[in-house]
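Student: My questions all concern the structure below.
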Amino acid sequence: MVRTLTGLQIAAMAGVLAMPVMASTTAVVRPSDVPPPASGRTLTVGPGAQYATPQAAANAAAPGDNVQIAAGTYSGGLSIKTNGSSGMYVTFYGSGGTAVITGSGGSKGLVAVGNHSWQRFIGLTSKGSSGFGVMANGAHDLVFQDFGVDGSQDGGLVALNTKKHSGRRMRHSRHQRAWHVSRPRSADPRSGVEQPRGQKHQSA
């Protein structure tokens, strides 16, 4: 049986076929205290965004990129993979509220910075680590702003052999050893940066 389509049906089908495919439904909304991306590129994380998890965006990030993370809770931790460079920070920030990173953590940290430098973390919280909330070792030029640690077992923000990093408006839960920074300072044990016993910190 041959079926004849009316002009209206053909037009409707053409309209469906012509509909654009959207790569992301998440708009880039940069808070005023988050610097614009030096690379001109913002990667988005969250429902309907370019990436489902902060880790997936971190894997794709390049020097100078911003990573916008929609407010919410994300499991699996965050392991930094890419160095920034002078004037080209890789910036991770919460959008529309706090982005909470959860997972097991361990000795490398729930937010594992490692020796990667030129990183910014703004409006994020590390929650429920069985080890360190954040661990950096051998890195430099790190910024933690409006950053929280909620319930880490071994330590909050731990920086070893690091220099040129600062913390601003950092907060902790009752489960975490107390530390707080009200304004950027050089890194030392009083500035909100902790070192495990027996380890020495090299400040700037």
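The values are calculated or read from the model by the stated rules, or taken from the named source; none is laboratory data. Quick caveat, the model's predicted, so the values are computed rather than measured. Counting neighbours? That spans all protein chains shown, and the Cβs are built from the backbone with ideal geometry, glycine included.
Student: Can you find a residue in region 3-18 that is modelled with pLDDT of 95 or more and not in a loop (DSSP other than H, G, I, E, B)?
Tutor: No, because not a single residue in region 3-18 is modelled with pLDDT of 95 or more and not in a loop (DSSP other than H, G, I, E, B).
Student: Give the number of residues within region 106-125 that are touching a Phe, Trp or Tyr at 6+ places or on another chain (Cβ under 8 Å) and of a type outside the set (D, E, K, R).
Tutor: 12
Student: Any idea how many residues of region 87-106 are among the polar types (S, T, N, Q) and either in contact (Cβ under 8 Å) with a residue 40 or more places away in the chain or in contact with a Leu (Cβ under 7 Å, 6 or more places away or on another chain) (or both)?
Tutor: 3
Student: Can you say whether ARG120 is farther than 13 Å from PHE147 by Cβ and either in contact (Cβ under 8 Å) with a residue 60 or more places away in the chain or among the basic types (Lys, Arg) (or both), as far as the supplied structure shows?
Tutor: no
Student: Kindly provide the set of residues from region 58-71 that are surrounded by 15 or more Cβ atoms within 10 Å (Cβ to Cβ) and closer than 14 Å to ALA99 by Cα, ordered by number.
Tutor: Passing the criteria: VAL67, GLN68, ILE69, ALA70.
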